[in-house]
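Notes to accompany the following structure.
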């Protein structure tokens, strides 16, 4: 008899909630950690629930049920370590569940590091790419923006920056490093 374990499922972009509902309907134990964020549209502000790990849904199943999970619309693959599906420790899932249930403010953290290529996604420099030089204070970054083959150092808001997407790994998918701000 197989023992069930937690796995991260790599899912189509913006299909996390749909995959969660389908897996729950198939009687699988599924976990989609969400957080609340305020989004600004041209005419209003709205609070929305977004996945804490965009592109991933956690599911507990034994390997005999893999076909049922993989046949779910929106599921691309199981996150793997090499060729084998990578099990996630129950303690890690429990920790994420506790963080999500707590009244503390939680948001995804991209794990930006000095030397990383980043893109300005908001603010007056929107659309420019640069190299992150230093992370300072709570919500400030120092960024080098290359213009005319020269560097300019500017201090910007942390939420204006997103990491430049790296080319996808073909044979191995790993869960991106996430961190939680509990203060």
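For the reader, a short list of remarks on this structure follows.
- The average projected area of segment 5-101, computed from the convex hull of its Cα atoms over all directions, is 7.1 nm².
- Potential lengthening of the chain between residue 91 and residue 157 amounts to 20.4 nm, from the contour at 0.36 nm per residue minus the alpha-carbon distance.
- Working from label points 7 Å from Cα in the Cα-to-Cβ sense, the residue 4 to residue 48 distance is 3.1 nm.
- Estimated FRET transfer efficiency (residue 83, residue 18; beta-carbon r; R0 22 Å; 0.05): 0.20
- Nearest-0.05 FRET efficiency for residue 113 and residue 38, computed from C-beta distance (R0 25 Å): 0.40
- Over segment 1-119, relative contact order from alpha-carbon pairs under 8 Å, at least 6 apart, %: 36 percent
- Label positions at residue 73 and residue 105, each projected 7 Å from the Cα along the C-beta direction, are separated by 3.8 nm.
A short reminder: the numbers here are calculations on the coordinates, not readings from a lab. Quick caveat, the model's predicted, so the values are computed rather than measured. With ideal geometry, Cβ positions are generated from the backbone for all residues, glycine too; neighbour counts draw on all protein chains shown.
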